[in-house]
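Enquirer: Dropping the structure in here first, questions after.
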Amino acid sequence: MNARKADIERNTLETKIKLSVNLDGTGLADFNTGVPFFEHMLDQIARHGLIDLSIKADGDLHIDDHHTVEDIGIALGQALLNAVGDKRGIVRYGHAYVPLDEALSRVVIDLSGRPGLVFNANFTREKIGQFDTQLVEEFFQAFANNARVTLHIDNLDGKNAHHQVETIFKAFGRALRMALSADQRMQDQLPSTKGAL
């Protein structure tokens, strides 16, 4: 399997983002986004997905965090799509259940080439510190659209909003790690009966 790395630069009137990803990393993370809670969640993706991830973002945080969070989702999706290559020899599907104390989330992903998000989470608070919990869905929608993946996210239980969100990001990292992993029995085959993903 070739090196699965990508660098993305996204510059708009709202944000300037530089993102680097290594899908075969060890979980190294380096963030400077101006959104501390979101960086804590991005760290879960890197650590639990065994993905090296570097993100520098300069966004219009004087308005709110929305554009920065959404545009990082776009850039991460584009980076994954570029880095994963033709998808030959990978598992393609991934799933994970992750608990954190009273909270439990399930994430299922298909590197299908078809963007789609089903998101079910009723967060117990609208804000975690200054972070708007509505932005969790916005991030994953942007990611799914640009990575061209089908993504099902369900927070199954939880009373603490921090725990609810964290279980989602941890489960996403674990599910992504499974989907991206090499399937030894597939070798160089494409995991699709269509002949394309």
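The values are calculated or read from the model by the stated rules, or taken from the named source; none is laboratory data. Quantities reported herein were computed from a predicted structural model and do not represent experimental measurements. Here Cβ is always computed from backbone atoms with ideal geometry, including for glycine, and neighbour counts include all displayed protein chains.
Enquirer: What number goes with the only condition from (1) closer than 20 Å to V107 by Cα; (2) in contact with a strand residue (DSSP E or B) (Cβ under 8 Å, 6 or more places away or on another chain) that L28 does not pass?
Expert: Failed condition: (1).
Enquirer: Filter region 34-75 for residues that are in contact (Cβ under 8 Å) with a residue 40 or more places away in the chain, assigned to a loop (DSSP other than H, G, I, E, B) and touching a strand residue (DSSP E or B) at 6+ places or on another chain (Cβ under 8 Å) and give the result.
Expert: V35, I51, D60, D64, D65 - these are the residues of region 34-75 that are in contact (Cβ under 8 Å) with a residue 40 or more places away in the chain, assigned to a loop (DSSP other than H, G, I, E, B) and touching a strand residue (DSSP E or B) at 6+ places or on another chain (Cβ under 8 Å).
Enquirer: Sticking with this one: Which residues, taken from region 156-197, are over 19 Å from the mean Cα position of the chain (by Cα), crowded, with 22+ Cβ neighbours inside 10 Å and closer than 24 Å to D86 by Cβ?
Expert: Matches in region 156-197: none.
Enquirer: Given (1) surrounded by 22 or more Cβ atoms within 10 Å (Cβ to Cβ); (2) β-branched (V, I, T); (3) out of contact with any strand residue (DSSP E or B) (no Cβ under 7 Å at 6 or more places or on another chain), where does I109 come up short, assuming only one miss?
Expert: Of the numbered conditions (1) surrounded by 22 or more Cβ atoms within 10 Å (Cβ to Cβ); (2) β-branched (V, I, T); (3) out of contact with any strand residue (DSSP E or B) (no Cβ under 7 Å at 6 or more places or on another chain), the odd one out for I109 is (3).
Enquirer: Residue check: is V136 assigned to a helix (DSSP H, G or I), under 19 Å from M41 (Cα atoms) and among the β-branched types (V, I, T)?
Expert: Against the criterion (assigned to a helix (DSSP H, G or I), under 19 Å from M41 (Cα atoms) and among the β-branched types (V, I, T)), V136 qualifies.
Enquirer: If you check every pair at least six apart or on different chains, which have Cβ atoms under 7 Å apart with a residue in region 126-138 that is in contact (Cβ under 8 Å) with a residue 12 or more places away in the chain and surrounded by 12 or more Cβ atoms within 10 Å (Cβ to Cβ) first and a residue that is among the basic types (K, R) and in a loop (DSSP other than H, G, I, E, B) second?
Expert: Hits for this filter: T133/R125.
Enquirer: For region 1-33, name all the residues that are free of Cβ contacts under 8 Å to residues at least 40 places away in the same chain and of a type in the set (G, A, S).
Expert: A3, G25, G27, A29
Enquirer: Can you tell me which residues in region 76-92 are over 12 Å from L23 (Cβ atoms) and either in a helix (DSSP H, G or I) or touching a Phe, Trp or Tyr at 6+ places or on another chain (Cβ under 9 Å) (or both)?
Expert: Matches in region 76-92: G77, Q78.
Enquirer: Taking region 98-123 as the region of interest, how many residues are among the small types (G, A, S), over 22 Å from G85 (Cα atoms) and either at pLDDT below 95 or not in a strand (DSSP E or B) (or both)?
Expert: So the count comes out to 1.
Enquirer: Restricting to region 1-17, give me the number of residues that are at pLDDT 95 or above and either within 20 Å of the chain's Cα centre (by Cα) or part of a strand (DSSP E or B) (or both).
Expert: Looking only at that region, the number is 11.
Enquirer: Let me ask something additional. Can you tell me which condition A142 does not meet? The list is (1) closer than 30 Å to D7 by Cβ; (2) part of a strand (DSSP E or B); (3) in contact (Cβ under 8 Å) with a residue 40 or more places away in the chain; (4) of a type in the set (A, V, I, L, M), and all the others hold.
Expert: If we test A142 against (1) closer than 30 Å to D7 by Cβ; (2) part of a strand (DSSP E or B); (3) in contact (Cβ under 8 Å) with a residue 40 or more places away in the chain; (4) of a type in the set (A, V, I, L, M), just (2) comes out false.
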